[in-house]
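The values are calculated or read from the model by the stated rules, or taken from the named source; none is laboratory data. Bear in mind the structure is a predicted one, so any value in this text is a computation, not a measurement. Cβ atoms come from the backbone with ideal geometry, glycine included; neighbour counts cover every protein chain shown.
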Amino acid sequence: MRDFGLVIFDCDGVLVDSERISNRVFCGMLNELGLGVTLEDMFQHFVGLSMPQCVQLITDMLGKPPPQDFVESLRNRTELALKEQVTPISGVPEMLDRIKVPFCVASSGSHDKIRLTLGATGLLDRFAGRIYSVADVNRPKPAPDVFLYAAHQMGVNPVNCVVIEDTPTGVRAGVAAGMCVLGFCANTPAIRLKEAGAHAVYEEMRYLPRLLQDAIL
């Protein structure tokens, strides 16, 4: 039984219901490039990756780099869609009210995107001063860097941290950090998160406080 001292949340798909919004935009732009990918393909291959990793994957698929303005256009279109459509993951505000230990967010997104989505969903104040991005570290997930950085900044030993992730890439990062990892499987098949190393999985945010309280992991 671990003495949990910090809960580290991923952002997209865990705190904010942004994954389908972002990936519909992303999928549409890849279709414009001639790549016949579907939204299901996006969740299978792109979700959880940093933007440089996504660009490399697009380059591999196209056989050449995407247009020079692709990333900027993607960010602009995504930002507009998120501002208009993003909502909190069901049950998140109530779940945060019930968490008894400190918590923070550590995401593969940029600081601007994290603040945008948390701000648009009314969650930003809950994470003030406790927002950590892949931009703060040298290596993106599945490397453990952003989680280890968050733990260090919060003054908690990694072994006493719980990571909440919704992608295999994020789960692997949490495991590599030596942390307990809970897989939120509302949008990702539970088996994929378990195969990546999640210690347990759950489908609704209302279950998380009890999981932490019971320390069943």
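See the values below:
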quantity: Ser90 loosely packed, with under 15 Cβ neighbours inside 10 Å and in contact with an Asp or Glu (Cβ under 9 Å, 6 or more places away or on another chain); calculated: yes
quantity: Pair list, Cβ < 6 Å and 6+ apart or interchain, from the stretch 99-127 residues that are basic (Lys, Arg) to residues that are surrounded by 16 or more Cβ atoms within 10 Å (Cβ to Cβ); calculated: Arg126/Leu96
quantity: Unique match (being within 20 Å of Arg75 (Cα to Cα), assigned by TED's automatic domain parsing to the domain that holds Gly13 and aliphatic (A, V, I, L, M)) among Ala128, Ala151, Ala120; calculated: Ala120
quantity: Evaluation of Gln68 against (1) surrounded by 20 or more Cβ atoms within 10 Å (Cβ to Cβ); (2) part of a loop (DSSP other than H, G, I, E, B); (3) at negative phi (one fails), failing number; calculated: (1)
quantity: Of all residues in the stretch 31-48 being modelled with pLDDT under 90 and in a loop (DSSP other than H, G, I, E, B), the one that is farthest from Thr169 (Cα to Cα); calculated: Val47
quantity: Subset of the stretch 135-163 [surrounded by fewer than 24 Cβ atoms within 10 Å (Cβ to Cβ) and of a type in the set (A, V, I, L, M)]; calculated: Ala135, Val137, Ala143, Leu148, Met154, Val156, Val159
quantity: Selection count where residues are buried (at least 19 other Cβ atoms within 10 Å of the Cβ), outside any helix (DSSP H, G or I) and among the aliphatic types (A, V, I, L, M), scope the stretch 1-30; calculated: 6
quantity: Residue check, Thr188 in the same structural domain as Asp136 (by TED's automatic domain parsing), under 23 Å from Glu94 (Cβ atoms) and among the hydroxyl-bearing types (Ser, Thr, Tyr); calculated: yes
quantity: Given (1) over 13 Å from Ala106 (Cα atoms); (2) more than 15 Å from the chain's Cα centre (by Cα); (3) surrounded by fewer than 23 Cβ atoms within 10 Å (Cβ to Cβ), number of the condition Gly129 does not satisfy; calculated: (1)
